[in-house]
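Engineer: After the structure tokens below, expect a handful of questions from me.
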Amino acid sequence: MDEAFTDVQDQLGVSAACRLTGRSRATHYRSLKPPTVRAPRSQVQVQPSALTGQERAAVLELMNGDEYAEMAPAQIWARELDAGRYHCSISSMYRILREQGQSGERRRQAAHPARAVPELVATGPSQVFTWDITKAAGPAKGVWYHAYVASVPDQRPFPRQSRR
């Protein structure tokens, strides 16, 4: 096939030869210049402008300090820049926090105790009053009765124990 193409190409040109043989012109030109073999990349490539271990530790200490402990890295970066200090980019701050497992919520979260069911305890008369309003279904659809219940404690003192 390549021989037929070269014979036709010499007489008619590249475009006509491609049309006659059904070969794409892109394929023809790609075959003229095969891809070069690249050297394999080394596994560890260190960016020349990367932060050193000491710089990373200083940035982490800054972000975990009392002043910035509850702020997002973008806020810390902006405040430090306003103060005339540039440590690293915002994305580097996020990267440092992610490596340390601190990329979640930075604000202190309240730990609320479990709620207890309220319990009313009377130690004497007239100390606990209760009430309730309930809708009770009526005889037809859409008819409701409102039941109002109020429980007033006895005004009498506690019953005396019987003597035998």
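The values are calculated or read from the model by the stated rules, or taken from the named source; none is laboratory data. Here the structure is a predicted model, which is why all the values come from computation and not from measurement. We place every Cβ from the backbone using ideal geometry, glycine too, and count neighbours over all the protein chains shown. Side chains included, ligands, DNA and RNA excluded: accessible areas come from the protein's heavy atoms. Shrake-Rupley method; radii C 1.70, N 1.55, O 1.52, S 1.80 Å.
Engineer: Roughly to the nearest percent, how much of the accessible area of the chain is carbon and sulfur, given a 1.4 Å probe?
Structural biologist: 53 percent
Engineer: Quick one: among Ser24, Ser103, Ser92, which has the greatest mean-square fluctuation in a GNM of the chain with alpha-carbon springs under 10 angstrom?
Structural biologist: Evaluated over the chain, the most mobile residue of the options is Ser24.
Engineer: Here's a follow-up. Post the alpha-carbon centroid distance, the range 115-151 to the range 29-45, in whole angstrom.
Structural biologist: A separation of 83 Å, based on Cα centres.
Engineer: Kindly give the semi-axes, whole Å and largest first, of the ellipsoid equivalent to the range 10-51, taking each as the square root of 5 times a Cα gyration tensor eigenvalue.
Structural biologist: Largest first, the range 10-51 gives 44, 10, 8 Å.
Engineer: Then there's this: Convex hull over the Cα atoms of the range 75-156, averaged projected area in nm²?
Structural biologist: Answer in nm², one decimal: 15.0.
Engineer: From the C-alpha gyration tensor of the range 1-89, pull out the three semi-axes of the equivalent ellipsoid (sqrt of 5λ each), sorted largest to smallest, in whole Å.
Structural biologist: 64, 17, 10
Engineer: Give the Rg/Rh ratio for the chain, taking Rg as the radius of gyration of the Cα atoms and Rh as the Kirkwood radius, to two decimals.
Structural biologist: A ratio of 1.54.
Engineer: Round to the nearest 10 and report in Å² the accessible area of Arg56, as given by a 1.4 Å probe over the protein chains' heavy atoms.
Structural biologist: Using a 1.4 Å probe on the heavy atoms, I get roughly 60 Å².
Engineer: For the chain, what relative contact order do you get, as a whole percent, if you take Cα pairs closer than 8 Å and at least 6 residues apart?
Structural biologist: Relative contact order of the chain: 11 percent.
Engineer: Please give the per residue accessible area of the range 35-93, computed with a probe of 1.4 Å over protein heavy atoms only, in Å².
Structural biologist: Averaged over the residues of the range 35-93, the accessible area is 78 Å².
Engineer: Add -39500 (n - 2.57) for each DSSP H run of 4 or more in the chain, then divide by its residues: what number comes out at 222 nm, to the nearest 500 deg cm²/dmol?
Structural biologist: -10500 deg cm²/dmol
Engineer: Further question on the same structure: For the range 92-137, take the convex hull of the Cα atoms, compute a quarter of its surface area, and give me that in nm², please.
Structural biologist: 8.7 nm²
Engineer: A further question on this structure: When the convex hull of the Cα atoms of the range 46-94 is projected onto a plane and the area is averaged over all directions, what value comes out in nm²?
Structural biologist: For the range 46-94, averaging the hull's shadow over all directions gives 3.5 nm².
Engineer: Could you give the dipole magnitude of the range 73-128 about its Cα centre, charging the beta-carbon of Lys and Arg +1 and that of Asp and Glu -1, in debye to the nearest 20?
Structural biologist: That gives the range 73-128 a dipole magnitude of about 160 debye.
Engineer: Working out 0.36 nm times the residue gap between Tyr148 and Ala4, then minus their Cα-Cα distance, what length gain in nm do you get to one decimal?
Structural biologist: 41.5 nm
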